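The values are calculated or read from the model by the stated rules, or taken from the named source; none is laboratory data. Computed from a predicted model, the values in this text were never measured in an experiment. Positions of Cβ are backbone-derived with ideal geometry, glycine not excepted, and every protein chain shown enters the neighbour counts.
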Amino acid sequence: MSTSNSEMNGLERPSIAIIVGSTRPGRFSEIPAQWLYERLQGREDLAVRLLDLRDYPMPYFDEPTSPANPNREPFESDAVNRWTAAIGASDAFIVVSPEYNHGYSAVLKNALDYVYAEWNRKPIAFVGYGGVSGARAVEQLRLIAIELQMAPIRPALHLPLAVMAARQQGGDPVDELNQLGDRADALVDDLLWWTEALNTARAR
Ligand SMILES: Cc1cc2nc3c(=O)[nH]c(=O)nc-3n(C[C@H](O)[C@H](O)[C@H](O)COP(=O)(O)O)c2cc1C
């Protein structure tokens, strides 16, 4: 899975990171994440990068100090340091989240917990899927985002079951995703509004 940076035509575009929220073999998450990544690559008002948790194999959080503590010891894990830097280099986030037992995935929560200051005062949006389109996981993730001093935006993209069913039945889930293109664009438009507002406020 590929990434891009935010330096284009000499202009700094807001950097939107799409986070792939599961890592298991055969995962579904990479399908909507890759679809959204390719769709956002066509926009000139942002720079998009894909953050795949498989590329950041972090140990389960077992640190003596909270990442919220500015005096914490440096992390030893290269993956954690790269992950923290990637979050710090992004202005806003779209998390593509599965629903496991009516919650989010453990690997996603671990990735959220490892970072603090780099999340602060940035907007975040969610794409959910599952039996009830990931609604329960996404609502819980909104609460976590608030504790990370983020701004979870109102729009979310809750994928109809038909998207997952298409893959299970040998069809192409991208055909189903393309029907959600307008809703995805509206979500990104709203995320960009918050991104520009919060980038300006953080710069003051
Ligand atoms: C441990 C586990 C728990 C699950 N619990 C739920 C659930 O509570 N609600 C739901 O809609 N789907 C649930 N599912 C089914 C998932 O929606 C489905 O497996 C989906 O593909 C998971 O996302 P992923 O493939 O990106 O990991 C569960 C799957 C697993 C592996």
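Select from the range 139-181 the residues that are out of contact with any strand residue (DSSP E or B) (no Cβ under 7 Å at 6 or more places or on another chain), away from the ligand (no atom under 16 Å from the Cβ) and under 11 Å from W35 (Cβ atoms) and list them in ascending order. Within the range 139-181, D172, D175, N178, G181 meet the criteria. Regarding the range 180-197, can at least one residue be identified that is assigned to a loop (DSSP other than H, G, I, E, B) and small (G, A, S)? Looking through the range 180-197, none of the residues is assigned to a loop (DSSP other than H, G, I, E, B) and small (G, A, S).
The single residue among L161, L112 that is at pLDDT 95 or above and buried (at least 19 other Cβ atoms within 10 Å of the Cβ) turns out to be L112. When residues in the range 91-129 are screened for being of a type in the set (G, A, S), out of contact with any strand residue (DSSP E or B) (no Cβ under 9 Å at 6 or more places or on another chain) and more than 13 Å from the ligand (Cβ to nearest atom), 1 of them pass. What do you reckon, is I19 aliphatic (A, V, I, L, M) and within 15 Å of the ligand (Cβ to nearest atom)? Yes: the conditions hold for I19. Checking the condition at pLDDT 95 or above and either more than 24 Å from I146 (Cα to Cα) or within 12 Å of the ligand (Cβ to nearest atom) (or both), which residue from E12, E73, E38 passes? The conditions single out E38.
Please list, ordered by first then second residue, the pairs with beta carbon atoms under 9 Å, 6 or more apart or interchain, first in the range 87-115 and farther than 17 Å from E147 by Cβ and among the aromatic types (F, W, Y), second more than 8 Å from the ligand (Cβ to nearest atom) and outside any loop (DSSP other than H, G, I, E, B). Close Cβ pairs (under 9 Å, with a partner that is more than 8 Å from the ligand (Cβ to nearest atom) and outside any loop (DSSP other than H, G, I, E, B)) amount to Y100/A106. Among residues of the range 183-204 that are at negative phi, those with a Cβ under 9 angstrom from a residue that is assigned to a helix (DSSP H, G or I) and aliphatic (A, V, I, L, M), sequence gap 6+ or separate chain, pair up as A184/L36; A184/L40; A184/L177; V188/L36; V188/L40. Reported count of residues in the range 43-66, each being surrounded by 15 or more Cβ atoms within 10 Å (Cβ to Cβ) and among the small types (G, A, S), is 1.
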